[in-house]
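Everything on this sheet refers to the single structure shown next.
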Amino acid sequence: MTVLGIETSCDETAAAVIDENRVLSGIISSQEIHARFGGVVPELASRAHIRLIVPIVEKTLKDADLSLDELQGFAVTCGPGLVGALLVGLNFVKGLSLATGKPFIGVNHIEGHIYGNILSQKKVEFPIVFLIVSGGHTQLVLMEDHLKYRILGKTRDDAVGEAFDKGAKLLGLGYPGGPMIDKLAKTGDPEFAAFPRAMMKDDKFDFSYSGLKTALLVYLQKMSEEEKKKHLNDICASYQKAAVEVLVKKTVRAAKKFKAQRVALAGGVAANSLLRTWLGEVCQKEGLELYLPDLKYCTDNAAMIARAGLEYLKRGRRSELTLNAYPALKLKSMDE
């Protein structure tokens, strides 16, 4: 089965063609215009998707050396995300489905990130405890089989990716902030400043990052500009360690509690070098297998959407033309 995937949930316009577990082609166009505003502007994102989606799909099909008639179906992100951005991709795929008579399936963006990791693996065994971390999501999910999920915990306020972006803004580093903090932290002292680790001692698997952001704001208000500049790398290292430590410890604790021998990362923050290294070391110590996604499948892409969609399509699942975009779509198992 050969599937064309479309992803337009935020500020990346992406298309990809996959054949089972093989990526035949893929293009991602990131919208640089948002950097000047320090975050994504929804209206600008939607307009950019409208301009870019046709040429990107055409180029993706050309790179795969396939026509629309040679595809077996389409997959598109229907949520969560920016509603205007989601509607561009969704309505485009509805048009393709009507024109070709081929089925399409709406895919949960979070599920796509999960399958971005699976796309990176030669062999996958279940159950797996997935840590899904991005600018909008921080979740622990027990994946018992393909398309079968159980939510173990989630953030009660801000996502870890947002904490990195807002932290970087407070430090004057610009947007997106996560990669910048990660880079500077590599030469900093992670013990320089003591930042809080919220909800780490309880037995639940929820997260909270609003307090960490506030703690950084208060900390910086007490420093002079000269001190901030001198210890920028140290502050980044301390801040990053506080954010990542909670993720690592709760993930491993969940794997033990639910007797899962495998742990996996998904989402944009899965590219964070400290998270990948630290979780790898702890998993090795605890005898757990770690599935790491390729870096190219951490951030938003269409191959992950196509891979998730393929699982639904080959099981006979189809979406109707009445399918809408859902900005706050929750992750659910196929049979729910």
> What are the pairs, 6+ residues apart or on separate chains, where a residue within the range 247-263 that is buried (at least 19 other Cβ atoms within 10 Å of the Cβ) has its Cβ under 6 Å from a residue that is aromatic (Phe, Trp, Tyr)?
Replying inline: 248/278; 250/205; 254/205
> Just a yes or no: is a residue in the range 189-210 modelled with pLDDT of 95 or more and either outside the structural domain of residue 265 (by TED's automatic domain parsing) or part of a helix (DSSP H, G or I) (or both)?
Replying inline: yes
>> Checking the condition within 25 Å of residue 152 (Cβ to Cβ), crowded, with 22+ Cβ neighbours inside 10 Å and of a type outside the set (A, V, I, L, M, F, W, C), which residue from 300, 335 passes?
In response: 300
> What residue, of 110, 181, 132, is buried (at least 20 other Cβ atoms within 10 Å of the Cβ), within 24 Å of residue 249 (Cα to Cα), among the β-branched types (Val, Ile, Thr) and not assigned by TED's automatic domain parsing to the domain that holds residue 266?
Replying inline: 110
>> Please go through (1) farther than 14 Å from residue 266 by Cβ; (2) touching a residue at least 60 places away in the same chain (Cβ under 8 Å); (3) assigned to a strand (DSSP E or B) for residue 144 and return the number of the only condition it doesn't satisfy.
In response: (2)
>> When you scan the range 305-328, do you find a residue that is out of contact with any helix residue (DSSP H, G or I) (no Cβ under 9 Å at 6 or more places or on another chain) and surrounded by 15 or more Cβ atoms within 10 Å (Cβ to Cβ), even just one?
In response: yes
> Of (1) buried (at least 18 other Cβ atoms within 10 Å of the Cβ); (2) of a type outside the set (Asp, Glu); (3) in contact (Cβ under 8 Å) with a residue 40 or more places away in the chain, residue 66 satisfies all except one. Which?
Replying inline: (1)
> Only one of these conditions is not met by residue 169: (1) without any contact (Cβ under 8 Å) to a residue 60 or more places away in the chain; (2) in a helix (DSSP H, G or I); (3) among the charged types (D, E, K, R). Which number is it?
Replying inline: (1)
> Taking residue 230, is it touching a strand residue (DSSP E or B) at 6+ places or on another chain (Cβ under 7 Å) and surrounded by fewer than 17 Cβ atoms within 10 Å (Cβ to Cβ)?
Replying inline: no
> So which of 147, 142 ends up being farther than 18 Å from residue 315 by Cβ and either aliphatic (A, V, I, L, M) or surrounded by fewer than 18 Cβ atoms within 10 Å (Cβ to Cβ) (or both)?
Replying inline: 142
> What's the number of the condition residue 158 fails, among (1) among the acidic types (Asp, Glu); (2) over 15 Å from residue 139 (Cα atoms); (3) touching a residue at least 40 places away in the same chain (Cβ under 8 Å); (4) in a loop (DSSP other than H, G, I, E, B)?
Replying inline: (2)
> Which numbered condition trips up residue 117, out of (1) in a strand (DSSP E or B); (2) touching a Pro at 6+ places or on another chain (Cβ under 8 Å)?
Replying inline: (1)
> For the range 92-108, how many residues are without any contact (Cβ under 8 Å) to a residue 60 or more places away in the chain and either within 15 Å of residue 7 (Cβ to Cβ) or assigned to a loop (DSSP other than H, G, I, E, B) (or both)?
Replying inline: 2
>> For the range 233-246, which positions are among the hydroxyl-bearing types (Ser, Thr, Tyr) and crowded, with 24+ Cβ neighbours inside 10 Å?
In response: 239
> When you go through (1) assigned to a loop (DSSP other than H, G, I, E, B); (2) touching a residue at least 40 places away in the same chain (Cβ under 8 Å) one by one for residue 182, which number turns out not to apply?
Replying inline: (1)
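The values are calculated or read from the model by the stated rules, or taken from the named source; none is laboratory data. For clarity, every value in this text was computed on a predicted model and none was experimentally measured. We place every Cβ from the backbone using ideal geometry, glycine too, and count neighbours over all the protein chains shown.
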